[in-house]
Amino acid sequence: MTSGSSAVFGNIVPPPSLSPFFVGRKEERRKLLHILERHGSGGITQHGGAGKTQLMVSFAECARKQGLVPGGVFWVTADGNKEKVLSSFVEFAESLGRFGLPERQKSCTRAVVGSLRRSLGKVEGQWLLCVDNADSADAAEVVGEVAKLAEPKCGWLLVTSRRGGPELGVE
Ligand SMILES: Nc1ncnc2c1ncn2[C@@H]1O[C@H](COP(=O)(O)OP(=O)(O)OP(=O)(O)O)[C@@H](O)[C@H]1O
Ligand SMILES: [Mg+2]
């Protein structure tokens, strides 16, 4: 994995960029960093249009500029049904490593998360996985499992969702 690489998986291409009108949210970025350093994963849960995606983009840019995520920043969109969410993570895992999943396992959350674990294990240096739009119950369930791969001193997972609740599995 190239240092500082960036890519997007899922159905938003290219990844969202920071709005030229973006202002503020310094305190939220500080809190997110605190949460990630402590727990490994964190969520931005607000209603639609509140600025979740932009906050995540600005956090990722700041983290990269500060050299906090030398392993890379990755972006996965988690919209769609469970099959679509899993396929976005499969696409991401396959892009990282040489651990292809047999076709029949691509709809199994456990297998997909296992593949992601092996692939992320190959990333050198702290990584940041940004998961956008985990709005459905299906997405929250899958992302909750993926979030277990995050660790404070290894890799961070940040998720945006219109829904809160424990199923996201993040702080
Ligand atoms: N801090 C900010 N300063 C200025 N404009 C902002 C800021 N945050 C968000 N916006 C603007 O508000 C709009 C909505 O932001 P964004 O897409 O991040 O919301 P969201 O919560 O991710 O929405 P959704 O739930 O639909 O995904 C965009 O036009 C964005 O440029
Ligand atoms: Mg958004």
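Here are the numbers for this structure:
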{"item": "Among the residues listed as A147, A111, A140, the single one being within 16 Å of ligand 1 (Cβ to nearest atom) and not polar (S, T, N, Q)", "result": "A140"}
{"item": "Any pair with Cβ under 6 angstrom, 6 or more apart, that starts in region 39-54 at a residue that is over 12 Å from D135 (Cα atoms) and ends at one that is surrounded by 21 or more Cβ atoms within 10 Å (Cβ to Cβ) and small (G, A, S)", "result": "G40/A150; S41/A147; S41/A150"}
{"item": "Residue in region 100-111 that is modelled with pLDDT under 90 and among the hydrophobic types (A, V, I, L, M, F, W, C) present", "result": "yes"}
{"item": "Residue under evaluation W156, criteria (1) surrounded by fewer than 17 Cβ atoms within 10 Å (Cβ to Cβ); (2) among the aromatic types (F, W, Y); (3) touching a residue at least 60 places away in the same chain (Cβ under 8 Å), criterion not met", "result": "(1)"}
{"item": "Qualifying residue in region 115-127 (condition: buried (at least 20 other Cβ atoms within 10 Å of the Cβ) and within 16 Å of ligand 1 (Cβ to nearest atom))", "result": "no"}
{"item": "Of the criteria (1) farther than 22 Å from S17 by Cα; (2) within 15 Å of the chain's Cα centre (by Cα), which one G72 fails", "result": "(1)"}
{"item": "Members of region 34-70 that are within 23 Å of V142 (Cα to Cα) and more than 16 Å from ligand 1 (Cβ to nearest atom)", "result": "I35, L36, E37, R38, H39, G40, S41"}
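The values are calculated or read from the model by the stated rules, or taken from the named source; none is laboratory data. Note that the structure is predicted; figures quoted are calculated from it, not measured. FYI the Cβ positions are ideal-geometry reconstructions off the backbone, even for glycines, and counts take in every protein chain you see.
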